[in-house]
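Below: the structure, in structure tokens.
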Amino acid sequence: MTILLADDDMDDTEMFCEALADVDESIMCHCAINGSEAIKMLNELKELPDIIFLDLNMPIMNGWDCLKFLKSDDRYKNIPVIMISTSSHKNDLDTATSLGAICYFVKPNNFNDLKHALRSITTNIQKGLKEVIASLHTEGFRHLFSCEESNL
């Protein structure tokens, strides 16, 4: 499995990668510091990622612009995208789903919460991401996820 993470916060990127390694060391995670670098990586990868995590607020190209590009490009439009941010503003949640993200994930401060969410997502990416995210949303992680059923 391959994941692409675009996030300019090095502390968040490090925590994400550590949690992912704890979940499954065989998962390959490519990290970009902005949307422009993420697109450049996608163009250079031999194999497309199974899922993309995009931070909202990044320099050069933010997560919104990157998401719009991904969903308008035939090569990338079918890759599931999860928007991530420290913000939990309702308008951000709505914008993410209206632009085609499968959900909006509020970055947890708790390492175990992040690990649990990543484990659930990565172990079910091929067989039921919709159901997994819906179950995370209802099992006490409602504060971390916002999803629009039509995008799952």
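No value in this document is a laboratory result; all are computed from the given coordinates. Just so you know, these numbers come straight off a predicted model, no measurement behind them. Cβ: placed from backbone, ideal geometry, glycine included. Neighbour counts: every protein chain shown.
Counting only the Cα atoms, segment 1-124 fills a convex hull of 96 Å³ per residue. Here segment 61-115 and segment 1-39 have alpha carbon centers that stand 14 Å from each other.
The overall shape of segment 14-58, judged from the alpha-carbon gyration tensor, is oblate: a/c is not under 1.5, and a/b is no greater than b/c. Within segment 23-70, the trypsin sites (Lys or Arg not before Pro) that combine a DSSP coil assignment with at most 16 other C-beta atoms in a 10 angstrom radius are Lys46. In terms of distances greater than 22 angstrom between alpha carbons, the cross-link table entries Lys46/Lys77; Lys90/Lys115; Lys46/Lys71; Lys40/Lys77; Lys68/Lys90; Lys40/Lys115 yield Lys90/Lys115; Lys40/Lys115. Computed from backbone phi with θ = phi - 60° and the Karplus coefficients 6.51, -1.76 and 1.60, the 3J(HN,Hα) list for segment 47-57 is 10, 5, x, 6, 7, 10, 10, 10, 6, 6, 9 Hz; x is used for glycine and proline. The value of relative contact order for segment 1-119, using C-alpha pairs under 8 Å at least six residues apart, is 26 percent.
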